Protein chains: 2
Amino acid sequence: MNQNPIAIAIHGGCGMLEEELRNPQHWAAVRTALSAALQAGWRVLAAGGAALDAVEAAVVVMEDSAHFNSGHGAALNAAGEHELDAAIMDGSDLRAGAVCAVRTIRNPVRAARAVLEQGDCVLLCGAAADQFAERCGMAPVPNSYFTTAQRSAALAALKARMRGGSSTLASEAERHGTVGAVALDRAGNLAAATSTGGFNNKAPGRVGDTPIIGAGTYAANGVCAVSCTGQGEIFIRHVAAHEIAARLRYAGQGLAQASEEMVFKELSGHGIGAGLVALDAAGNVAAPFNTNGMARGWIGADGVAWVATHAPLHRAGDQG
Amino acid sequence: MNQNPIAIAIHGGCGMLEEELRNPQHWAAVRTALSAALQAGWRVLAAGGAALDAVEAAVVVMEDSAHFNSGHGAALNAAGEHELDAAIMDGSDLRAGAVCAVRTIRNPVRAARAVLEQGDCVLLCGAAADQFAERCGMAPVPNSYFTTAQRSAALAALKARMRGGSSTLASEAERHGTVGAVALDRAGNLAAATSTGGFNNKAPGRVGDTPIIGAGTYAANGVCAVSCTGQGEIFIRHVAAHEIAARLRYAGQGLAQASEEMVFKELSGHGIGAGLVALDAAGNVAAPFNTNGMARGWIGADGVAWVATHAPLHRAGDQG
């Protein structure tokens, strides 16, 4: 008897630096980090574990990597501080957990998972969420744990450009980098998780689509799981992740059509950078983006891992 | 030539006290407050104004009334403080604004409107949102401005019951009271707004469905406008307001069917109190609720105002 398919797809944000601005070793390192995240999730699924555990495991690896805008390596806000958002959703029963504007949680997706498990709330914000995570046994880190030299330099450069009047907006590459994962487990359960530092020079208190169930993160068994990256305000206004699910459920669209229409028509219509990864109930993957690149990867039923930062797909493990 | 229809519907929360626990004068006063909110919104629409202005005007009246759980009269959290959430959405262009966990903004819906107009963010949280409102010219109020003797007594009574082990949950009547409005203007624009204090004894930092676009608040021209009340976590998990819109748009359902299925099937299936008001593009009203009552009212194309707290509808102005 054939086993049910398992699959995982991840992203490390759309809006990449141009490929020629970093050497090949840099991009190979990013792909290695993506592979590690993919494998962390895949190991859970291959052992018969839950999609919910798989997406959490994959996102934790990316939160801990300085290559992505979440956890360590997160963007700095206009006050030179980090405020982090994360969400996780279990498609089997629509349970969800999210935190926003947290400052001392090393792995915000773990705090989101604890909110989901605790069950009283779906969304906790600010210092109360930091304190909740600590009560759940997560040792707090100083806000400076999240800071990397690259993010500090990017904020300083942007502020200098703004003072010079040459630019008031961050480039796409400075704006994005959110991480996320979607997974399908052997039992047919879908799950999604997303985690972000927001964007360089964002206003303190600003919350994007990442922790908003239905906007940046959504999963429903039998339909799809979606994790988004890009200018979050537009994803919120379009309730983007849930809209994709609604088109699958009610409009007769397939995953590729619904995902691509959302990115290339609805979201691109606002002139923003946008991308997402999505899985349907059969394990099909969609990973559309309208920017010059999106850190991404997936493993489908055949167990082959693919990762990429810009256009070409690389088989994971290939360091070329 | 017939003019396009205009319409407004409001709610002041589901989960009412049993009618016999207060005298008829009390309920007449609640209906009078509902009528004032309805008329504030209707005046905008009748003068050819925007649905967005109408829903804001109606919600401001309810925020200022001690009868409802928003603004003055808001519920107290477990720390004995107020943390308020609000959102507003313009169906004509899907612009939206929201604030969560704010403490010093007299009219949170006005701050949400300012977020919408400012355009950089959709959701601002916590002290940063309070400061944003002040920068927008809204004089801050002390957190105690929101407190009423009734809410203080309700929190004390609940804490006493919890100490006695007789109840760990607030009654439905203590949990809800969120206010909201939906409107259709002469130009065919739909809008929605919602504002809340959350519920009695809620955890600090807890954010419900009210400020989550797609969950407690949603509007899209040509489809519908929705504002929800009830246990917000379940509305978030179902992306309730946007799901109603999706069923109208893609599943061939009418407003009544989609709204009633959401309340009586999807949300009631979790054993929670739930209600909402919704308007479609033709000005049809739906106001389903599964509790013993929902403060509510509407004015349709004929200009007749109806208000109610429990089952019977009262023509507004009738003090009986």
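The values are calculated or read from the model by the stated rules, or taken from the named source; none is laboratory data. This one's a predicted model, so the numbers in the text were calculated from it and none came from an experiment. Every residue, glycine among them, receives a Cβ derived from its backbone with ideal geometry; neighbour counts consider all protein chains shown. When the accessible area is computed, the model is the full protein with side chains, heavy atoms only, and any ligands, DNA or RNA have been set aside. Shrake-Rupley method; radii C 1.70, N 1.55, O 1.52, S 1.80 Å.
Here are the numbers for the structure shown:
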| item | result |
| --- | --- |
| Fraction of beta bridges assigned by DSSP in the range B:59-186 that are antiparallel (%, nearest 5) | 65 percent |
| Total charge dipole magnitude, the range B:7-318, about the Cα centre, Cβ charges on Lys, Arg, Asp, Glu only, Debye to nearest 20 | 460 debye |
| Exposure of A:T291 as accessible area (Å², to 10), given a probe of 1.4 Å and all protein chains | 30 Å² |
| Order of exposure, largest accessible area first, which applies to A:W27, B:W306 with probe 1.4 Å | B:W306, A:W27 |
| Loop-located GluC sites (Glu not before Pro) in the range B:231-270 whose Cβ has at most 14 other Cβ within 10 Å (DSSP) | none |
| Mean separation of Cα contacts under 8 Å, 6 or more apart, over the residue count of the range B:25-174: relative contact order % | 17 percent |
| Vicinal HN-Hα couplings computed from phi for the range B:241-258 (Karplus, 6.51 cos²θ - 1.76 cosθ + 1.60; Hz; Gly/Pro x) | 5, 6, 5, 4, 4, 5, 5, 5, 6, 10, 9, x, 7, x, 4, 5, 4, 5 |
| Environment charge of B:L45, counting only residues whose C-beta is closer than 11 Å and scoring Lys/Arg +1, Asp/Glu -1 | 0 |
| Nearby lysines by direct alpha-carbon distance to A:K159 (threshold 22 angstrom, same-chain neighbours under 8 apart not counted) | A:K202 |
| Rounded to 5, the percent of DSSP beta bridges in the range A:7-318 classed as antiparallel | 90 percent |
| Long-range amide H partners of A:G222 with built H, under 5 Å | A:L190 |
| Whole-angstrom gap from the range A:32-63 to the range A:180-220, using each part's C-alpha centre | 15 Å |
| 3J(HN,Hα) from dihedral phi, the range B:148-158, Karplus parametrisation 6.51/-1.76/1.60, rounded to Hz, x for glycine, proline | 10, 4, 4, 5, 4, 5, 5, 5, 4, 5, 5 |
| The range A:210-222 - phi-based ³J(HN,Hα) in whole Hz, Karplus 6.51/-1.76/1.60, Gly and Pro as x | 3, x, 8, 4, x, 8, x, 8, 6, 8, 8, 3, x |
| Relative contact order of chain A, pairs being alpha-carbon contacts under 8 Å that are 6 or more residues apart, as % | 25 percent |
| Most fluctuating residue given options B:E117, B:E83, B:E18, as computed from a GNM of chain B linking Cα atoms under 10 Å | B:E18 |
| Counted charge near A:K265, where neighbours are those whose Cβ lies closer than 14 Å (Asp, Glu -1; Lys, Arg +1) | -3 |
| Overall form of the range B:130-264 per C-alpha gyration tensor (a/c, 1.5; a/b vs b/c) | oblate |
| Neighbour net charge for A:A183 - beta-carbon separation under 14 angstrom, K R +1, D E -1 | -2 |
| Built amide H within the under 5 Å cut-off of B:C136, gap 5+ | none |
| Those aspartates and glutamates that a straight Cα-Cα span of less than 14 Å connects to B:K265, excepting residues fewer than 8 apart in one chain | B:E243 |
| Rounded if a/c under 1.5, otherwise prolate or oblate - the protein assembly as shown, Cα gyration tensor axes | prolate |
| The range B:7-318: C-alpha gyration tensor shape, a/c 1.5 cut-off, then a/b vs b/c | rounded |
| Placed amide H near B:H82: partners under 5 Å, 5+ positions off or other chain | B:N77 |
| The range B:246-320 versus the range B:87-103: alpha-carbon centroid distance in Å | 21 Å |
| Antiparallel DSSP beta bridges within the protein assembly as shown, percent to nearest 5 | 90 percent |
